[in-house]
Structures are given as C-alpha cells and as structure tokens.
Amino acid sequence: MRVIGTVGLPGSGKGEVATVADEAGIPVVVMGDVIREACRNRGLDPAEHHGRIAGKLREEEGPDAIAARTVPRIREAIEDADSGAGADGDSGTDANANGDASDADTVLVDGLRSPVELERFREAFGDDFTLVAIRAPFDVRAERLADRGRDAADADVEALRERDERELELGLGEVIEAADVEIDNTGSLSAFRDRVRDLLGVEAAADDPADADVVRTDRASRGDGS
C-alpha cells in the first residue's frame, strides 16, 4: 500500500489532486479534518477557529500534533482498502465516482505543511511514503483562487501574500524542497489531471469533464484550501 502526501502553496492544485484520487476510488485523508474535528469537540465553529485550534493542538501536543492525529486515519484507510470496506464501512469493493471498481493500493494524504509532519509520516510509513509537491507561480495561483471564489479573501492578492508567508513560516517551503516528486501545474487542467493519474496509476474516465483546455479552477472543497 502506497501513501502519497501532497504539499503546495495555496491555489497550487492540491485540491484537484484529491479530486482525481477520489474519482478513481482512492481513499483521501485530509489533515485539516483533524483540526475541524478538534474544533467541534471544543464546541467551536471550524470556519472561525481553524487556525487558532491548529496552533493550540501544536502547543498542547507538539509541533507534529496534526500529523500524529492523522496517522491513525491513514492506517484505518489502509485497513479499509485491504478489507474491501467502502467509505461507509460496508464490505465490498470500493468504487469510484463513475461506479467502476477500483483496486485501491494507494492512500492520498492532503495537506502537509511542516518538516516535522513530513518526518512523522516518513517514520510511520517508511519507503511506502512518497511526497509530491505541486508547484505554480504566484500570479497563476492568485488568478486561480479568484476564479474559485470560495470567499472574499480568495480575490485578495495581499491576503494571499500574507497567507503564503504564514505557510512558509511553518516550514512549507522546506517540505516542498524535500519532495520526492514535483508536478508543475501551470498548463491546462486536462494535462495536470493526466499527470496526476500517471502518478496514481489510474486511467481517465471516458466522460472526464476536463478533456479539453478549460478555465483553471480547483473544484475540490476540502476546507483549508489549496
């Protein structure tokens, strides 16, 4: 079982990678879900308190707290895939969004941000762990986020610069440089999705909506963005 982690600055395309994996029936573990769960357990709205609670978890449990809480979720996804359990826990063969059976030999982990998180995953999964960096220049990412328009901040270029700085302060740049594989995401959506499928070892669906050069926009709504 391969464990593939993704890293990239906001708007780089990590959400689209997760979408491609999900469509192929590959389990996707989102690190931000750990933070959202912690918010709810404390009676807080994740939309308002996501960043603060992420910081609190790191203060209380160590800088690799998010990764440490994510590892059991990855192991559970591996066990479910090995046993043939679907996303709802029922036994049977996993199927992708098109209803096709999928031999899930991969789990995708969305959202690495710091070197200590990378270290935790490498310790947990060894050679079975591969880190993939998604790269795109600032202006491309800014345009993509503005097109996506999940909230007003997506169209704010200065807010994106500040967000980049926060991410880099956590060590995101070091994680990107430590990647085993890099994918450039500046061309067409179809070309990017093809590159991701090659990495995941899956085929495109016959009715893939991205079979032509279309407006670039990350379609996955995975909470903490990217």
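The values are calculated or read from the model by the stated rules, or taken from the named source; none is laboratory data. All values reported here derive from a predicted model rather than from experimental measurement. With ideal geometry, Cβ positions are generated from the backbone for all residues, glycine too; neighbour counts draw on all protein chains shown.
Every residue, every condition in (1) in contact with a strand residue (DSSP E or B) (Cβ under 7 Å, 6 or more places away or on another chain); (2) at pLDDT 95 or above; (3) more than 21 Å from residue 145 (Cβ to Cβ), yes or no:
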position: 36; (1), (2), (3): no, yes, no
position: 50; (1), (2), (3): no, no, no
position: 59; (1), (2), (3): no, yes, yes
position: 70; (1), (2), (3): yes, yes, yes
Boolean, residue 220 is outside any helix (DSSP H, G or I), under 19 Å from the mean Cα position of the chain (by Cα) and modelled with pLDDT of 90 or more: no
